[in-house]
Amino acid sequence: MTVLAHGVGQSQDLPLPLDLVLQAGAATVVVSFLVVAVWWKRPRLAVVLDRPVRESRLRWLVLAVTVYLVGNALFGPQGPENPAGHALFVWVWVGLVPVSVVFGPVWRQVNPLRALFRLLRLPAGGLRPLSRVWSLPPAPPVRAAGSVSRWPAAVALLAFVWLELVAPHRGDPVVVGAWLLGYAVVQLACATLRGEEWFARGDCFEVYSELAGRLSPLRHRNPLAGVAHTAAGPGLAAFLAVWWGSTIFDSASGSPAWAGFLQRAGNPILYGSAGLILLCALVLVSVRLLSRPQDLTASLIPIAVGYTLAHYLSLLLVETPRGLLLTVQQWGVAEGVEWNVVPMPGVIAGAQITLILLGHVAGVVVAHDMALRATPERPPLATLADELPVVLLMIGYTWAGLFLLFVR
């Protein structure tokens, strides 16, 4: 298995027939909606203030590791023994979701770009005196819902997933290193103009971690309350559309039908780019249209998290230790050792189904609570009617997610 060939369960690995799994998935969303409609008559996901994000000097260690990995990618061996691809595509992109779900928005604490920004002492408004270079700046001031834009992060995320899924020679260490270097230059330039707060809305990995961290149980709150009280703001739907749409595209692009189409049409970069952008745009349009009249976009966060964990589960389990092994082997440690552990396909398939369904059930609960809180004066039936488009969207994506995950 390679880093860019995301191994997932196949239809023959399912513990149940595929058609039964699809029916059970759709039925789970419907039943969960009916249950909350009957038993959830008032908002229960109360507002709980988050603990402030504390300073972590681990960011300096992460910065040192990042500099080493980028330098190694650019000037080190250019074969599969280079761990640069594992670092970006597995440790960060895949591993950041489960770590954030457990511990909260950890990337803000260890973000190497924040550390580098401090270290370079770039002149930007809002920074503390240079003598306090080791301290974490205060979190951005609490703003009204809708005032913080995540559009810059959505654009940055699209650039990343294009690299991961479409770019030519994307597995080459020098390509990974060059992309990381270019990304750092752009982010630092924007932070110079807008201040360190820029990273909270412009760094796609920090926003990615922040949204996944809304589900963390270690933030002194109900995890679903953390999602329900996520400020929507411009760009949230776009960021989720790129996140969710790119993961679905990753599944679809691994199908025999897509491979056959590219073989007949040629020009995989053009059609891959068009397919990725089109799918993200379709997800964005569906989310924007079906989450009205109340903005229930945040209720889709658990679904994105669940599908991401399901889609990349075997990749995470297999390639995380393999990347670590490649790293230490470059230092002359454990030479000749190979990591060939392959998880049991049936167990992985069962876990993938469970993660997808849990994400959708959590999304139904959050959407219902958000709708009740948004219109407390409306009759219950009218509120349920407002939720139906979102529930139908969830049913559709449940079916599509399960189908794409296991038909390859």
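Read-outs: derived from the displayed coordinates by stated rules, not from any lab. What you see is a predicted model; the values in this text were computed from it and never measured. Here Cβ is always computed from backbone atoms with ideal geometry, including for glycine, and neighbour counts include all displayed protein chains.
So how do 81-89, 258-266 stack up, highest first, on mean other-Cβ count within 10 Å?
Details: 81-89: 24.1, 258-266: 11.7.
By packing density, highest mean first, the sequence is 81-89, 258-266.
Sort 156-165, 186-195, 377-386 by packing, meaning the average of other beta carbons within 10 Å per residue, with the highest value first.
Answer by packing, highest mean first, reads 156-165, 186-195, 377-386.
Hey, what did region 298-381 get for relative contact order, percent, Cα under 8 Å, at least 6 apart?
Once divided by the residue count of region 298-381, the mean separation gives 53 percent.
Apply 1/(1 + (r/R0)^6) to the Cβ-Cβ distance of LEU270 and VAL67, taking R0 = 30 Å, and write down the FRET efficiency to the nearest 0.05. Numbers along the way, then the final one.
Details: r = 35 Å, r/R0 = 1.16.
That gives a FRET efficiency of 0.30.
For a protection proxy built on the mean count of beta-carbon atoms within 10 angstrom, sort 319-327, 18-26, 391-399 highest first, please. Walk me through the numbers on the way to the answer.
On the way: 319-327: 18.9, 18-26: 15.7, 391-399: 21.0.
Sorting 319-327, 18-26, 391-399 by mean packing, highest first, produces 391-399, 319-327, 18-26.
For VAL35 and GLU377, compute 0.36 nm times the residue count separating them, minus their Cα-Cα distance, and round to one decimal in nm. It would help to have the intermediate numbers written out before the result.
Working: separation 342, 0.36 × 342 = 123.12 nm, distance 2.14 nm.
Gain on stretching VAL35 to GLU377: 121.0 nm.
Roughly how many debye, to the nearest 20, is the charge dipole of region 164-231 about its Cα centre, given +1 on each Lys and Arg Cβ, -1 on each Asp and Glu Cβ, and no other charges? Mind showing how you got there, number by number?
On the way: 6 positive and 7 negative charges, 56 e Å.
So the dipole magnitude of region 164-231 works out to roughly 280 debye.
Please report the equivalent ellipsoid semi-axes of region 201-307, computed as sqrt(5 x eigenvalue) of the Cα gyration tensor, largest first, in whole Å.
Each semi-axis is √(5λ); the values are 31, 15, 12 Å.
Please compute the modelled spin-label separation between ALA46 and ALA281, points set 7 Å along Cα→Cβ, answer in nm with one decimal.
About 4.6 nm separates the two model spin labels.
Averaging over every viewing direction, what projected area does the convex hull of the Cα atoms of region 315-408 cover, in nm²?
Directional mean of the projected Cα hull area for region 315-408 stands at 9.2 nm².
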